[in-house]
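K.L.:
Following this message is one structure expressed as structure tokens.
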Amino acid sequence: MLLNRDDWYETSRDLDWTLSYVDPAEAFPTSWSGTDGVPAEAWQKWEEPFRVSYRDYVRIQHEKEAGVKAVSSALGRAGLFEKLDPAHVAASQLHMGGTCMVEHMAVTMQSRFCRFAPTPKWRNLGVFGMLDETRHAQLDMRFGHELLKADPRFDWTLKAFHTNEWGIVAVKALFDDIMLNADCVEAALATSLTVEHGFTNVQFVALASDAMAAGDINWSNLLSSIQTDEARHAQQGFPTLEVLMEHDPARAQTALDVAFWRSTRLFQTLTGPAMDYYTPLEKRKLSFKEFMLEWIVNHHERILEDYGLKKPWYWDEFMRSLETGHHSMHLGMWWFRPTLFWKPNAGVSPDERAWLREKYPTWEADFGGIWDQIIANVQAGDMAATLPETLPVLCAVTNLPLGGACAPHEVMDHKTVYNGRTYRFDSNISKWCFDQDPARYAGHNTVVDRFLLGEIQPMDLGGALAWMGLTPDVMGDDVYSYAWAKEYAQA
Ligand SMILES: [Fe+2]
Ligand SMILES: [Fe+2]
């Protein structure tokens with residue numbers, strides 16, 4: 001007779017034994033588990049936030065998979081993709097290239113929980129997390145593969161992480177660090193709690209809702225299906241934080257504060273432009289800032305309060321950055337459009353600009369003048385003046401361009417000298433992140449460092465594009481061929 005889950009769950013979830021053939025410190029090195037300073041028995045308090053058996057898990061996941069597949073094949077037959085707005089398509093290409101391999105990296109992170117987490121309850125949940133992330137990477141690849149025939153840019157779903165494209169290097173730098181390089185405890189705080197439980201909502205809930213409004217039911221459906229898994233396995237962060245708060249609250253505070261800022265900067269790059277510039281105007285729901293306030297700011301404040309943590313010291317600067325950080329990134333990305341593998345939408349037609357002004361009262365003063373100059377150059381047919389000639393300095397932590405993280409056109413020099421080398425940062429906050437653990441970032445060369453070191457040859461834009469893997473068939477250009485600029489009266 002089959003027992004009910006509740007009859008055996010209590011025993012199986014905590015199945016462990018005392019190691020006698022090997023030294024426990026060798027079987028579970030603290031460099032992998034992250035348990036330094038936390039006594040072994042403290043982990044007995046780690047209670048899994050959700051209960052699932054393998055049998056239930058497989059059944060539910062099977063249903064989810066069947067759902068995604070049914071929608072995708074029906075829509076494929078209906079030829080829906082061809083009817084989508086090209087600026088919206090760009091958002092899906094940016095998402096696929098930027099996140100597919102992150103899902104795959106998350107498989108490795110979850111498998112570290114399975115093997116090195118300090119309690120069998122957590123190791124058990126890691127198995128489900130690992131299966132989730134395998135599914136996500138595969139869903140993305142199937143989505144990209146099906147659309148390859150329509151647009152070679154979907155090749156970058158898989159390809160992006162095997163290139164040196166500068167934005168992808170920034171994504172990789174964060175996730176290499178908080179998924180592949182982090183011990184279990186840190187990964188639970190930085191990835192599970194901060195990214196998966198918080199920031200993925202911007203990408204997977206907000207963007208899914210915009211995608212649905214834009215008519216991209218297939219992609220919206222895929223994002224929502226992934227999010228149901230994220231919402232579940234992200235909860236591994238909470239019991240970990242609870243244990244750490246009893247034994248090393250200072251470490252918890254620093255780990256969360258670093259992760260929160262680094263995530264903010266990355267999502268300003270990945271999601272900010274997609275929501276406020278690429279999504280067709282009439283389909284937009286909330287602005288990026290509104291969504292951040294509702295889903296990230298409130299949510300993070302609540303977690304900090306519940307667990308007895310303080311707001312990060314940089315909170316005011318972070319709030320200011322919600323007004324400008326992603327607008328600066330968008331302007332920079334559009335300007336450097338040949339270095340992208342999607343076609344960005346400038347998103348500043350007169351109507352779109354009115355929307356931006358309404359949502360961001362300082363937008364016109366901060367960015368209007370620069371876009372006016374671009375518009376004048378386009379109208380005069382001087383396209384060379386709308387393209388980059390020099391390279392920006394990149395931040396040694398975020399790998400994003402300097403100037404504009406917290407205030408538009410910021411020129412203040414944030415730097416640290418470490419072991420005789422000078423490192424520059426996009427903000428005082430990124431400098432602080434570096435200073436918490438310089439050895440962690442010091443060995444990395446940004447794309448521009450590599451350029452200056454002569455690793456990119458020939459040392460011009462063509463050489464850089466080839467080095468980044470950007471071929472003419474995918475290289476970015478304005479998605480509407482500058483039609484928006486012509487809507488303005490000739491200067
Ligand atoms: Fe995932
Ligand atoms: Fe995840």
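The values are calculated or read from the model by the stated rules, or taken from the named source; none is laboratory data. Please read these numbers as outputs of a predicted model, since none were measured by experiment. Positions of Cβ are generated from backbone atoms using ideal geometry, with glycine treated the same way; all protein chains shown enter the neighbour counts. Side chains included, ligands, DNA and RNA excluded: accessible areas come from the protein's heavy atoms. Shrake-Rupley method; radii C 1.70, N 1.55, O 1.52, S 1.80 Å.
K.L.:
So, in region 147-165, how many residues would count as being hydroxyl-bearing (Ser, Thr, Tyr) and part of a helix (DSSP H, G or I)?
P.N.:
We begin by selecting, within region 147-165, every residue hydroxyl-bearing (Ser, Thr, Tyr); these are 157, 163.
Remaining after also requiring part of a helix (DSSP H, G or I): 157.
Here the count works out to 1.
K.L.:
Looking at Cys406 and the list (1) surrounded by 13 or more Cβ atoms within 10 Å (Cβ to Cβ); (2) at pLDDT 95 or above, which single condition is not satisfied?
P.N.:
(2)
K.L.:
Further question: Which count do you get for residues in region 182-197 that are modelled with pLDDT under 95 and surrounded by fewer than 23 Cβ atoms within 10 Å (Cβ to Cβ)?
P.N.:
Within region 182-197, residues that are modelled with pLDDT under 95 and surrounded by fewer than 23 Cβ atoms within 10 Å (Cβ to Cβ) number 1.
K.L.:
Another one. Taking the conditions exactly as written (within 14 Å of ligand 2 (Cβ to nearest atom) and of a type outside the set (A, V, I, L, M)), does His247 satisfy them or not? Spell out how you get there, then give the answer.
P.N.:
Working: within 14 Å of ligand 2 (Cβ to nearest atom): no; of a type outside the set (A, V, I, L, M): yes.
No.
K.L.:
When only residues in region 224-240 that are within 13 Å of ligand 2 (Cβ to nearest atom) and without any contact (Cβ under 8 Å) to a residue 60 or more places away in the chain count, which is most open to solvent (accessible area, probe 1.4 Å)?
P.N.:
Residue satisfying both the conditions and the ranking: Ala231.
K.L.:
If you take the residues in region 130-181 that are among the acidic types (Asp, Glu) and under 29 Å from Pro472 (Cβ atoms), which one is farthest from ligand 2 (Cβ to nearest atom)?
P.N.:
In the first step, residues of region 130-181 are kept if they are among the acidic types (Asp, Glu); the result is 132-133, 140, 146, 151, 155, 165, 176-177.
Now restrict to residues that are under 29 Å from Pro472 (Cβ atoms): 140, 146, 151, 155, 165.
Working: Asp140: 13, Glu146: 23, Asp151: 27, Asp155: 24, Glu165: 23 Å.
Within region 130-181, the match that is farthest from ligand 2 (Cβ to nearest atom) is Asp151.
K.L.:
Moving to a separate point now. For Gln110, all conditions in the list (1) under 20 Å from the mean Cα position of the chain (by Cα); (2) more than 16 Å from ligand 2 (Cβ to nearest atom) hold save one; what is the number of the exception?
P.N.:
(2)
K.L.:
Within region 45-101, which residues are part of a helix (DSSP H, G or I), β-branched (Val, Ile, Thr) and in contact (Cβ under 8 Å) with a residue 40 or more places away in the chain?
P.N.:
Of all residues in region 45-101, those part of a helix (DSSP H, G or I) come to 45, 54-78, 81-83, 86-101.
Going one step further and asking which of them are β-branched (Val, Ile, Thr), we end up with 58, 60, 68, 71, 89, 99.
Once the filter is applied, which keeps residues that are part of a helix (DSSP H, G or I), β-branched (Val, Ile, Thr) and in contact (Cβ under 8 Å) with a residue 40 or more places away in the chain, region 45-101 yields Val68, Val71, Val89, Thr99.
K.L.:
Out of Asp382, Asp435, which single residue is at negative phi and free of Cβ contacts under 8 Å to residues at least 12 places away in the same chain? Don't jump to the end; show me each part of the working.
P.N.:
On the way: Asp435 fails: free of Cβ contacts under 8 Å to residues at least 12 places away in the same chain.
On inspection, the qualifying residue turns out to be Asp382.
K.L.:
Also: Do we have any residue at all in region 157-165 that's within 16 Å of ligand 1 (Cβ to nearest atom), within 26 Å of Phe425 (Cβ to Cβ), open to solvent by 10 Å² or more (accessible area, probe 1.4 Å) and of a type in the set (S, T, N, Q)?
P.N.:
For region 157-165, residues within 16 Å of ligand 1 (Cβ to nearest atom), within 26 Å of Phe425 (Cβ to Cβ), open to solvent by 10 Å² or more (accessible area, probe 1.4 Å) and of a type in the set (S, T, N, Q): absent.
K.L.:
Something else: Test Ala466 against the stated conditions and say whether it is among the hydrophobic types (A, V, I, L, M, F, W, C), open to solvent by 60 Å² or more (accessible area, probe 1.4 Å) and part of a helix (DSSP H, G or I).
P.N.:
Working: among the hydrophobic types (A, V, I, L, M, F, W, C): yes; open to solvent by 60 Å² or more (accessible area, probe 1.4 Å): yes; part of a helix (DSSP H, G or I): yes.
Yes; evaluated as a whole, the condition is true for this residue.
Quick grid of which residues meet (1) in a helix (DSSP H, G or I); (2) in contact with a Cys (Cβ under 7 Å, 6 or more places away or on another chain); (3) β-branched (Val, Ile, Thr); (4) surrounded by fewer than 20 Cβ atoms within 10 Å (Cβ to Cβ):
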site	(1), (2), (3), (4)
Met329	yes, no, no, no
Trp342	no, no, no, no
Asp372	yes, no, no, yes
Asn377	yes, no, no, yes
Pro392	no, no, no, yes
Thr398	no, no, yes, no
Glu410	no, no, no, yes
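K.L.:
Sticking with this structure for a sec: Looking only at region 236-251, decide whether some residue is within 16 Å of ligand 1 (Cβ to nearest atom), within 17 Å of the chain's Cα centre (by Cα) and under 23 Å from Pro120 (Cα atoms).
P.N.:
Residues of region 236-251 that are within 16 Å of ligand 1 (Cβ to nearest atom), as a first pass: 236-237.
Still in the list and also within 17 Å of the chain's Cα centre (by Cα): none.
Within region 236-251, none of the residues are within 16 Å of ligand 1 (Cβ to nearest atom), within 17 Å of the chain's Cα centre (by Cα) and under 23 Å from Pro120 (Cα atoms).
K.L.:
Residues that are among the hydroxyl-bearing types (Ser, Thr, Tyr): which helices (runs of 4 or more DSSP H) entirely in region 166-214 hold 1 or more of them?
P.N.:
The helices (runs of 4 or more DSSP H) meeting that bar are 207-213.
K.L.:
Hey, another quick one. Could you check region 106-141 and list, in sequence order, the residues that are within 16 Å of ligand 1 (Cβ to nearest atom), polar (S, T, N, Q) and buried (at least 19 other Cβ atoms within 10 Å of the Cβ)? Explain how you work it out, then say what you get.
P.N.:
Applying the first criterion (within 16 Å of ligand 1 (Cβ to nearest atom)) to region 106-141 yields 106-114, 125-141.
In the following step, the residues that additionally are polar (S, T, N, Q) were identified as 108, 110-111, 134, 138.
Of everything in region 106-141, just one residue is within 16 Å of ligand 1 (Cβ to nearest atom), polar (S, T, N, Q) and buried (at least 19 other Cβ atoms within 10 Å of the Cβ), namely Gln110.
K.L.:
Take region 192-219 and flag every residue that is within 24 Å of Val297 (Cα to Cα) and without any contact (Cβ under 8 Å) to a residue 40 or more places away in the chain.
P.N.:
Keep residues of region 192-219 that are within 24 Å of Val297 (Cα to Cα), which gives 192-211.
Once the filter is applied, which keeps residues that are within 24 Å of Val297 (Cα to Cα) and without any contact (Cβ under 8 Å) to a residue 40 or more places away in the chain, region 192-219 yields Thr200, Phe204, Ala208.
K.L.:
If you don't mind, another one. Restricting to region 85-105, what's the tally of residues that are within 12 Å of ligand 1 (Cβ to nearest atom) and under 12 Å from the mean Cα position of the chain (by Cα)?
P.N.:
Here is the first cut: in region 85-105, the residues within 12 Å of ligand 1 (Cβ to nearest atom) are 99-105.
Those still in the list that are under 12 Å from the mean Cα position of the chain (by Cα) too: 99-103.
Within region 85-105, residues that are within 12 Å of ligand 1 (Cβ to nearest atom) and under 12 Å from the mean Cα position of the chain (by Cα) number 5.
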